Amino acid sequence: MSTTNHRYLLRLSLSCRKITAQVTNSATDSIVAMASSTEQEFMPYYRSKLTTFPRPHRFYDANIATRIGEKLGFRLSDIGISHVEIDIPEQPPLPIHHRKMIAPLLDSVKRVGIRVSGSENLEEKVS
């Protein structure tokens, strides 16, 4: 797969119940790689949070965000993508507990060897 003619966008979706990272081809809007906290690997952790009392407000932590970033990075490497850009929508700032998940996820993607353009701007917004 040639990556010279394509621009790949990393989109993050954070909520109190799940975190999703997907990379899309900007030319076709098709998803080329995705990792989420709803994958089978994370289900025992998620179920353990459901059965605790009182039920937590967050169902994932920085370790889960890091593992999701690694999975996404490995999937991008497998298909030959070495550079992505972050799609930063203009929206109200995320709550602090959501913003704390972005840095570990991006760091783990970078550790796999994927260059992430725009992460500096996002990290400034997160701080």
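The values are calculated or read from the model by the stated rules, or taken from the named source; none is laboratory data. The structure presented is a predicted model; accordingly, all values stated were derived computationally and were not measured. Please note: Cβ atoms are built from the backbone with ideal geometry, for glycine as well, and neighbour counts cover all protein chains shown.
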Report summary line: Over region 102-127, the set of residues at pLDDT below 85 and over 20 Å from SER15 (Cβ atoms) is GLY118, SER119, GLU120, ASN121, GLU123, GLU124, SER127
Requested in this report: Go through (1) surrounded by 15 or more Cβ atoms within 10 Å (Cβ to Cβ); (2) modelled with pLDDT under 85; (3) over 13 Å from the mean Cα position of the chain (by Cα); (4) not in a helix (DSSP H, G or I) one by one and return the number of the condition TYR60 breaks.
Outcome: (3)
Query raised in the report: Which members of region 10-38 meet the condition of being of a type in the set (A, V, I, L, M, F, W, C), farther than 13 Å from GLY73 by Cα and either touching a Cys at 6+ places or on another chain (Cβ under 6 Å) or in a strand (DSSP E or B) (or both)?
Result: LEU12, LEU14, ILE19, ILE31
Query - Residues that are in a loop (DSSP other than H, G, I, E, B) and at pLDDT below 85, drawn from region 74-101 - result: ASP87, ILE88, PRO89, GLU90, GLN91, PRO92, PRO93, LEU94, PRO95
Query raised in the report: Of ILE31, ILE68, which residue is at pLDDT 90 or above and loosely packed, with under 12 Cβ neighbours inside 10 Å?
Result: ILE31
